[in-house]
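Structure first, commentary second.
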C-alpha cells in the first residue's frame, strides 16, 4: 500500500473547511459520468479532496481485485490491476490499522453540518468500520470490510484464494491489450503469495484449536485437488491465452511456467495443511464447539443482520416467519390437489414431479439458463411500474467453475463495473440440475440479477465511490428478497400458481435459514439434524439443503441477514403507506430505498423517514 497515503491521512484533520471541501468535491463526483470517475485521483493535500474519496481509495488499495471489478483500476490507479489482496497476517494487520485511522477521522466530523446524503455516507463508513474492527479483534477468521463473507476459516469449501483468484482472473480481469496481459501474469505470480499468506493464518488458527468440521474439510480437500488438477492441465494459463490472441506474446507458456514454478507448489502446501487438519477434525458443525465460538458467533450474527438480536430471538423470528409463509402456501397447494401431509412434504412432492424437473445433462443446464434469461427479460418490461429512474441492468448468466460447484450455493450474483465495461453476473451452480426446478428459476433470477443484486448494485455504483465498495448483508440480501416479491407484485406469476409457490418457498427457505443457522451455532444442532429439519420443513431437495447447511457452517450468521433485511424493508414500506396515505407511490418508495444505497438497517429507517417527510 502507498505509504504517502498513510502519511497524508495521518495528518488529516476534518475541520469545517475540510467538510465544506468534501461537500463540493462530493457533488462534483456525483456529477461526473461513471466512466470518468476513476480518473479523479485523490489529493494528498487536506481539504482539496473529499475525505470519503480518500477512504475509498485506501480501502481499494488493500483490495485491488475489487478495484478491477468496479472498473476503477485506471489512470492514476492503473498499478492496482497488477496486484492482489495481501491475505497474510501482516496484510490483515495493515487493513485493521487503516480502519482504525480512518474511523477516527470520520468520527471527528460534526454530522450536524452535513447534508443528508453525506451524513448517510459517513454513517455507512462508521458502521462498516466499527463492525469490521470488532471482527479483527477476534483471534481468527476472515473479516469482510463492508461485505458479507465473514468466516472463521481462512480456507474452506467456499472461501480461499484457490477458488477466488482463478474465478476472478477468468471473469473480471480484463485482457484487452498487452499491458492487461502482463498485469494478469503479475497477478498470477502474486497468487502464490496469497496462498502462502493464507497458509500462515490456517496454521495459526489450527494451533489455537480452530479446526473446521470434518465434512467441510473433505469437500475442501476434494476441491483443492480439482484446482491443482486444473492448474496442471493449464486452466489458469489458457484463460489468459484464450483472450490474448489479438496481440503478440508467449502468454500461454509464460503463464504456465508461473503456475508450475510458484502457484502449484503453494496449492500443494495448502493441501498438505488441510489434510493435516482433517486428521484432527471432528463432526461438530457449529461455532459453539470451537474456541471462543460463542463470542465469534455473536459478532458474526450482528455483522450479518446489522441488529443486536440474540441467537434465541433470531431463532424464534425464523419460526414465526416460516409459519406465516406456510399459511399462505397451504391454500395454493390445496387448489392444485396437494392436500395430504405438511406443507414441506407437499412441496417436496411438487418438486419431484417430472414436469418441473430439468434433464441432468448439458441440455438441461442450457434450459435452466434460457429459462432464467426469459424470466428476467419479462420483468424488465415491468420495472417502470416499480421505479422512477431505471439503470441499464447489464447482466451475464454464467455457470460456476467446476472446481467450485460442490461447495457452492445454488447461485450468487452481483453488479458489474462502475464504467459499464464489465457486466453484472449471475453465477449458477449447475453441477446437479436437481438443485433447480422450473418453479424456482424465475425467483432465483430476480434475486441474483434483476431487480435484485445486479440491479441494486448499479444504483450503488452511481453514488460516491466508497458506497460502491461498502455493503451490508442485511440490506443486500433483504433487497434481493424484496426483488423476489416485486417479481410477484409486477405480474411474474399471473395465472401461474406453481410459480408463486416457488416464490413463497424461496421466502420460507430464508426463514428456515434463521432457524438452522442459530440451531447449528448456538443450540448444538448436528449437521444431520439441520439437513433433515430443513428438507422436511421446506420441502427442499436434500442435495440443495446439504450444500446450504455446510455453507452456514463456514459462514456463521450470514444466512440470517436475508429475511431479517426483507422484513425490515417491508416494515418501512408499511410505515410509508400509513403515513402518506393516497400520496404513497411504490415507485417513490423503491427509488428512495435503492438510491439511498446499501446501508445498515437503522440507516435505512432514517432514509425512509426522510423520503416520507419530503413526499
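Throughout, read-outs are computed from the coordinates displayed, never taken from laboratory work. This one's a predicted model, so the numbers in the text were calculated from it and none came from an experiment. Using ideal geometry, Cβ is built from the backbone for each residue, glycine included, and neighbour counts are taken over all protein chains shown.
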In deg cm²/dmol, rounded to 500, what helix-only [θ] at 222 nm does the chain give when every DSSP H run of at least 4 residues adds -39500 (n - 2.57) and the total is split over its residues?
-20000 deg cm²/dmol
For q values of 0.09, 0.12, 0.18, 0.19 Å⁻¹, compute log₁₀ I(q)/I(0) with the Debye formula on a Cα-only model of the range 161-289, without solvent.
-0.31, -0.51, -0.92, -0.99
Out of all Cα-Cα pairs in the range 547-615, roughly what percent, to the nearest whole number, are more than 16 Å apart?
51 percent
Along Cα→Cβ, 7 Å out, is where each label goes; now give me the distance between the ones at residue 340 and residue 278 in nm to one decimal.
4.4 nm
On the formula 1/(1 + (r/R0)^6), with r taken between the Cβ atoms of residue 171 and residue 218 and R0 of 22 Å, the FRET efficiency rounded to 0.05 is 0.25
Could you give me D for the chain, from Stokes-Einstein at 4 °C and 1.567 mPa s, where the hydrodynamic radius is the Kirkwood radius over C-alpha pairs? Units µm² s⁻¹, please.
52 µm²/s
Please give the contour-minus-distance gain from residue 613 to residue 570: 0.36 nm per residue of separation, less the Cα-Cα distance, rounded to one decimal in nm.
13.7 nm
Whole-Å distance linking the alpha carbon centroid of the range 549-602 with that of the range 269-315 is 27 Å
With the Cα gyration tensor of the range 445-532 in hand, convert its eigenvalues to equivalent ellipsoid semi-axes via √(5λ) and list them largest first in whole Å.
27, 23, 7
For the range 48-140, calculate the relative contact order in percent as a whole number, restricting contacts to Cα pairs under 8 Å that are 6 or more residues apart.
22 percent
Which FRET efficiency, nearest 0.05, do residue 360 and residue 323 yield, Cβ-Cβ r, R0 56 Å?
0.95
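What FRET efficiency comes out for residue 489 versus residue 207 if R0 is 51 angstrom and r is the Cβ-Cβ distance? Round to the nearest 0.05. Numbers along the way, then the final one.
Numbers: r = 53 Å, r/R0 = 1.03.
Step by step, r from the Cβ atoms, then E = 0.45.
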Can you tell me the Rg and Dmax of the range 300-456, counting just the alpha carbons, in angstroms?
18.2, 53
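Using only the Cα atoms of the range 477-615, build the gyration tensor, take square roots of its eigenvalues as a ≥ b ≥ c, and label the shape rounded, prolate or oblate: rounded if a/c is under 1.5, else prolate if a/b is larger than b/c, else oblate.
On the way: a/c = 3.15, a/b = 1.69, b/c = 1.87.
The shape class here is oblate.
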Can you give me the relative contact order of the chain as a percent, contacts being Cα pairs under 8 Å and 6 or more apart?
17 percent
For residue 526 and residue 462 in the same chain, what is the full-extension length gain: residue separation times 0.36 nm, less their Cα-Cα distance, in nm?
18.6 nm
Estimated inter-spin distance, residue 112 and residue 200, nm [label 7 Å along Cα→Cβ]
4.7 nm
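For the range 121-191, count all C-alpha to C-alpha pairs, find those more than 17 Å apart, and express that count as a whole percent of the total. If you can, show how the numbers build up before the last one.
Working: 1456 of 2485 pairs.
Value for the range 121-191 (Cα pairs over 17 Å): 59 percent.
Report, as a whole number in µm² per second, the diffusion coefficient that Stokes-Einstein gives for the range 190-229 at 37 °C and 0.692 mPa s using the Kirkwood radius over alpha carbon pairs.
On the way: Rh = 11.3 Å.
In µm²/s, the coefficient is 290.
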So what is the orientation-averaged projected area of the range 295-567, using the convex hull of its C-alpha atoms, in nm²?
14.5 nm²
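Using 0.36 nm per residue of separation minus the Cα-Cα distance, give me the extension gain between residue 370 and residue 186 in nm, one decimal. Could the numbers behind the result be given before it?
Details: separation 184, 0.36 × 184 = 66.24 nm, distance 3.67 nm.
Full extension from residue 370 to residue 186 adds 62.6 nm.
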Considering the alpha-carbon set of the range 411-487 alone, what are its Rg and its Dmax in angstrom?
13.1, 42
Percent antiparallel among DSSP beta bridges confined to the chain, nearest 5, equals 55 percent
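With a 10 Å radius around each residue's Cβ, average the other Cβ atoms per peptide and rank 307-318, 455-466, highest first. Could the numbers behind the result be given before it?
Numbers: 307-318: 17.3, 455-466: 23.8.
Ranking, from highest mean packing down: 455-466, 307-318.
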Simple label model, 7 Å out from Cα along Cβ direction - residue 382 to residue 260, nm
5.6 nm
